[in-house]
Amino acid sequence: MRPFVYIAALRRSGSTILSELLTDPPKSFIFREPGIARGRYELHPDDIETLRPLGGRPGDFKLRWSRWLNRRLARHNPAHFVKAFRDELIIPLSDRVEQLGVKEIAHEGWGRYARAFPDMRVIVLGRDPRDIYLSMLDRRRKGVGRLSGETLTPERAAELLLPEFEHQRTMAEVLPSLRITYERLCTDPSAFDEVRAHVDSPLQAPGSAGRFNQANPQRRDEAAIHAGSLTAKRTDRWRSIDDTQATEACQEVFDRMREYAGYFGYAEG
């Protein structure tokens, strides 16, 4: 069995597109933010339909663990839930899918994944914090996502992002990890080769960029940006915005996240 993949990202930093690049059933499949290590189970309906013919009975697993008593057990003992995820879903699926993994943007409990999957390979993904902020603003303005009901200031953005960065950094110190940026993925063809080699992916070419977002009516516009292949259309957006207030806000986010920016190699100007 190939290593279990853990994409460790921040919100709006390109983790969906990286999970798409590493997904091509039946060779490989990356679950998007199931939240297993935090006692949650958020499997997307279209994922269930994709995986149903491949075994593992993901719909049954979700139904069983969504029942009140089991849901309470999962939240009380997430480590037990991660083991159930491994034993009842991942292991049965591995008979027909060469590589499986998850992408997460909230990393509390990441060590539970690591203990359940000792061969786990981590991809620590970064994106320019100025562009992360712009993307977060886009989602809030559309009224979708977890930030749709709140005012998004640079201070609030940094408050949400920096704790997850600390988890990223700790993971990279103790687990087999590859640090890479969204910008490199979009502009350097060799970047995916590095990712593929790090996780021992069975894919010879990237999966379809946009395949997951295309199934979500709220994100089809994002799927259309790449239309199957990576492009640089969403890199360095902060450089071209014609809005002084937004430019200043982007700079404030950068200032509040200088350690993150330095860690991933983002420069001031």
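Please verify whether Val199 is of a type in the set (A, V, I, L, M), modelled with pLDDT of 95 or more and over 11 Å from Leu125 (Cβ atoms), treating the condition exactly as stated. Yes.
Rundown of residues vs (1) buried (at least 21 other Cβ atoms within 10 Å of the Cβ); (2) under 23 Å from Ala191 (Cα atoms), yes/no style:
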residue	(1), (2)
Gly14	yes, yes
Ser19	yes, yes
Ile36	yes, no
Arg64	no, no
Arg67	no, no
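Evaluated against (1) closer than 28 Å to Glu248 by Cα; (2) surrounded by 19 or more Cβ atoms within 10 Å (Cβ to Cβ), Arg112 falls short on exactly one condition, (1).
The residue that is farthest from the chain's Cα centre (by Cα), among those in the stretch 1-17 that are in a helix (DSSP H, G or I) and not small (Gly, Ala, Ser), is Ile17.
Pull up the stretch 174-200, narrow it to residues that are over 17 Å from the mean Cα position of the chain (by Cα) and polar (S, T, N, Q), then point me to the one that is surrounded by the fewest Cβ atoms within 10 Å (Cβ to Cβ). This residue is Ser190.
Taken as a whole, the stretch 18-29 holds at least one residue that is assigned to a helix (DSSP H, G or I), under 24 Å from Ala205 (Cβ atoms), under 13 Å from the mean Cα position of the chain (by Cα) and of a type in the set (Ser, Thr, Tyr). Among the residues making up the stretch 201-210, those that are surrounded by 21 or more Cβ atoms within 10 Å (Cβ to Cβ) and touching a Gly at 6+ places or on another chain (Cβ under 9 Å) are Ala209, Gly210. Looking at the stretch 57-69, can you tell me whether even one residue there is over 21 Å from Gln214 (Cβ atoms) and polar (S, T, N, Q)? Yes, the stretch 57-69 contains a residue that is over 21 Å from Gln214 (Cβ atoms) and polar (S, T, N, Q).
Right, Glu166: modelled with pLDDT of 95 or more and of a type in the set (D, E, K, R) or not? Before you say what the answer is, go through the steps one by one.
Working: modelled with pLDDT of 95 or more: yes; of a type in the set (D, E, K, R): yes.
When the stated conditions are applied, Glu166 passes them.
Among the residues of the stretch 47-68, those that are among the charged types (D, E, K, R) and touching a helix residue (DSSP H, G or I) at 6+ places or on another chain (Cβ under 8 Å) comprise Asp47, Arg52, Arg57, Lys62, Arg64. Against the condition of a type outside the set (Ser, Thr, Tyr), more than 20 Å from Ile132 (Cα to Cα) and in a loop (DSSP other than H, G, I, E, B), how does Pro53 come out, does it pass? No: the conditions fail for Pro53. Taken over the stretch 115-141, the criterion of being surrounded by 21 or more Cβ atoms within 10 Å (Cβ to Cβ), aliphatic (A, V, I, L, M) and more than 30 Å from Asp242 (Cβ to Cβ) is satisfied by Met120, Val122, Ile123, Val124. When the stretch 72-106 is filtered for residues that are closer than 30 Å to Ala249 by Cβ and either in a helix (DSSP H, G or I) or in contact with a strand residue (DSSP E or B) (Cβ under 6 Å, 6 or more places away or on another chain) (or both), only Lys103 remains.
Mind listing whichever residues of the stretch 21-34 are within 25 Å of Ser190 (Cβ to Cβ) and charged (D, E, K, R)?
The initial filter retains those residues of the stretch 21-34 that are within 25 Å of Ser190 (Cβ to Cβ), namely 21-24, 27-30.
Once the filter is applied, which keeps residues that are within 25 Å of Ser190 (Cβ to Cβ) and charged (D, E, K, R), the stretch 21-34 yields Asp24, Lys27.
The values are calculated or read from the model by the stated rules, or taken from the named source; none is laboratory data. Computed from a predicted structure; not experimentally measured. When we count neighbours, we look across all protein chains shown, and the Cβ atoms used for this are built from the backbone with ideal geometry, even at glycine.
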